[in-house]
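Asker: Sharing a structure here in structure tokens format.
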Amino acid sequence: MKILITGGAGFIGGNFCHYMVEKYPNDKFVCLDALTYAGNMETLADILDRQNFKFVKGNICDTEFVDQLFAEEKFDIVVNFAAESHVDRSIQNPKIFLESNVIGVQTLMDACRKYKVARFHQVSTDEVYGDLPLDRPDLFFHEDTPLHTSSPYSASKASADLLVMAYYRTYQLPVTISRCSNNYGPYQFPEKLIPLIIKKAQNNEKLPIYGKGENVRDWLHVLDHCSAIDLIIHKGKVGEVYNIGGHNERTNLEVVKTILKVLGKPESLISFVTDRPGHDRRYAIDPEKITKELGWKPKYNFDTGIVATIKWNLDNQAWLSHVESGEYQNWLKKQYKD
Ligand code: NAD
Ligand code: DAU
């Protein structure tokens, strides 16, 4: 079996490459990544010399390049992680989100059709469902919850999901979609809440909390996301959507206070800043379908997973300083100017 993993130099794709290369030594894995600011070869350093792994630099929107790669490699399965993934960046510059997250998906699916790939799996997000009110803890996102997006990022991901289902219905392309909640774990770029707060707290810098910090996210360890995708591409039903989440809801303030406690830093570092425009209030996944149909269960719980993630960030300062390029420094200045 030969599997293409796009976006494999990023956070979740990188963890998925490690997970799959280790678990399936007899399968072959090709990682395709454009190495944007979010993609880093050091994330893949441990597996670059493995016999069953190969890295290719390229853009999923580049039709000619993608066509040639598919012609040469003859993939059985394509798992698409490649995307612009940060909501705040999508608010500053939506266009690149539409290019990579929508046109990129169309380009990959056209190649899948032409070269008769047996499965195209789209890694989507719970953000396509919009948000839930804070005072209704009884409500959850189900696979048939209507798409109702808030940010240019989530709108681009929902557009891709619609396109994937259109390719299934119109061309019978064998597709699956997964919609996961917020991930945390090793190799996450320090623009996202958890690694950003760990880094800033360690340096005794102010911790920017949007609004009142009441927004709720449903946290899942990245390796639990990887095991769920592994199950879906091997056992999932074509044409189906699977939600992935582990019922680990926390307010942002709770997450930040937990990190401060583990690091032994004072809560006085917390600084409430201007809210994110269109800020989604609460995400909460109902994972019953993947649990019942495919037997998936998460291994990590947030209380132990967050401690391990803090330790990973402290132990991997070299990785962190290398990913913080000049481009990232410019972005930080612009985003947190107040
Ligand atoms: P990330 O930003 O860390 O990594 C994205 C990777 O894609 C990078 O390596 C980047 O170089 C690559 N990439 C971007 N545009 C590309 C293009 N046009 N061609 C080729 N490569 C390109 O993102 P992540 O957090 O690892 O998210 C991966 C996927 O999972 C995304 O599709 C995202 O929407 C989805 N997702 C993320 C989360 C989360 O909490 N981070 C949760 C659910 C779903
Ligand atoms: O739910 C899945 C989604 O989770 C993925 O699809 C996205 O790719 C991923 O980035 C993530 O989106 P969020 O917007 O939820 O993640 P982020 O880490 O940016 O923010 C988490 C929460 O923390 C959110 O409510 C905004 C808040 N926040 C974030 C930052 C960066 C702050 O309060 N301060 C900050 O500086």
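Only the coordinates and a few stated rules stand behind these numbers; no lab work does. For clarity, every value in this text was computed on a predicted model and none was experimentally measured. Positions of Cβ are backbone-derived with ideal geometry, glycine not excepted, and every protein chain shown enters the neighbour counts.
Asker: Which lysines, on any chain, are close to Lys2 with Cα under 25 Å apart, when same-chain ones fewer than 8 places away are left out?
Answerer: Partners found: Lys23, Lys28, Lys54, Lys57, Lys74, Lys114, Lys116, Lys235, Lys237.
Asker: While we're here: If you take the square roots of the eigenvalues of the alpha-carbon gyration tensor of segment 83-141 and sort them as a ≥ b ≥ c, do you get rounded (a/c under 1.5), prolate (a/b over b/c) or oblate? Intermediate results must be reported in sequence, preceding the final value.
Answerer: Working: a/c = 4.73, a/b = 1.59, b/c = 2.97.
Verdict is oblate for segment 83-141.
Asker: Pairs of alpha-carbon atoms within less than 8 angstrom and 6+ residues apart define the contacts here; what relative contact order does the chain have, in percent? Present the calculation step by step, with values, prior to reporting the outcome.
Answerer: Working: 632 pairs, mean separation 61.4, N = 338.
It rounds to 18 percent for the chain.
Asker: If the only charges are +1 at each Lys and Arg Cβ and -1 at each Asp and Glu Cβ, what is the size of the charge dipole of segment 157-269 around the Cα centre, to the nearest 20 debye? Provide the component values of the computation, followed by the final result.
Answerer: Numbers: 15 positive and 11 negative charges, 37 e Å.
About 180 debye.
Asker: Per-residue HN-Hα couplings for segment 312-327, Karplus 6.51 cos²θ - 1.76 cosθ + 1.60 at θ = phi - 60°, whole Hz, x for Gly and Pro?
Answerer: After applying 6.51 cos²θ - 1.76 cosθ + 1.60, I find 4, 5, 5, 7, 10, 5, 5, 4, 4, 5, 6, 6, 7, 6, x, 4 Hz.
Asker: Place +1 on the Cβ of every Lys and Arg and -1 on the Cβ of every Asp and Glu in the chain, take the dipole about the Cα centre, and give the residue among Phe81, Gly7, Gly246 whose Cα lies farthest towards its positive end.
Answerer: The Cα lying farthest towards the positive end belongs to Gly246.
Asker: Using a 10 angstrom cutoff on alpha carbons, build the Gaussian network for the chain and name the most mobile of Asp131, Asp315, Asp33.
Answerer: Highest fluctuation of the listed residues: Asp315.
Asker: If you don't mind, another one. Calculated from DSSP H runs of 4 or more alone, at -39500 (n - 2.57) each and per residue, what is the 222 nm mean residue ellipticity of the chain, nearest 500? Each step should come with its number before you reach the end.
Answerer: Numbers: 13 runs with 139 residues, N = 338.
Here the helix-only value at 222 nm equals -12500 deg cm²/dmol.
Asker: How large is ³J(HN,Hα), in whole Hz, for each residue of segment 300-311 in order, when computed from phi with the Karplus curve 6.51 cos²θ - 1.76 cosθ + 1.60 and θ = phi - 60°, using x for Gly and Pro?
Answerer: 9, 10, 4, 5, 8, x, 6, 5, 4, 6, 4, 4
Asker: Tell me whether segment 233-283 comes out rounded, prolate or oblate; compute the Cα gyration tensor, take square roots of the eigenvalues as a ≥ b ≥ c, and use a/c under 1.5 as the rounded threshold. Write down the numbers at each step before the final one.
Answerer: Numbers: a/c = 4.39, a/b = 2.01, b/c = 2.18.
Note, shape of segment 233-283 comes out oblate.
Asker: While we're here: From the Cα gyration tensor of segment 178-228, with a ≥ b ≥ c the square roots of its eigenvalues, which class applies: rounded if a/c is under 1.5, or else prolate if a/b is larger than b/c, or else oblate? Intermediate results must be reported in sequence, preceding the final value.
Answerer: Numbers: a/c = 3.48, a/b = 1.56, b/c = 2.23.
It is oblate, given that a/c is not under 1.5 and a/b is not larger than b/c.
Asker: Nothing charged except the Cβ atoms of Lys and Arg (+1) and of Asp and Glu (-1): what's the magnitude of the dipole of the chain about its Cα centre? Round to the nearest 20 debye. Please list the in-between numbers first.
Answerer: Details: 40 positive and 44 negative charges, 39 e Å.
In total the dipole reaches around 180 debye.
Asker: Same structure, new question: Once you charge only the Cβ atoms, +1 for Lys and Arg and -1 for Asp and Glu, what is the size of the charge dipole of segment 224-292 about its Cα centre, to the nearest 20 debye?
Answerer: Values: 11 positive and 10 negative charges, 15 e Å.
I would put it at about 60 debye.
Asker: To continue, here is another question. Out of Ile244, Ile177, Ile310, any idea which swings most in a Gaussian network model of the chain, alpha carbons joined below 10 Å?
Answerer: Result for the chain, Cα springs under 10 Å: Ile310 fluctuates most.
Asker: Would you mind pulling out the separation of the Cα centroids of segment 273-298 and segment 96-139, in Å?
Answerer: So the two Cα centres are separated by 15 Å.
Asker: Ok, one more. Taking 0.36 nm per residue of separation and subtracting the Cα-Cα distance, what length does fully extending Leu263 through Lys292 add?
Answerer: Values: separation 29, 0.36 × 29 = 10.44 nm, distance 3.81 nm.
Result: 6.6 nm gained on full extension.
Asker: Hey, got a sec? Which trypsin sites (Lys or Arg not before Pro) in segment 292-338 land in a DSSP loop and have at most 12 other Cβ atoms within 10 Å? Before the final figure, lay out the partial values.
Answerer: Working: sites: Lys292, Lys299, Lys311, Lys333, Lys334, Lys337; in loops: Lys299, Lys337.
The qualifying sites are Lys299, Lys337.
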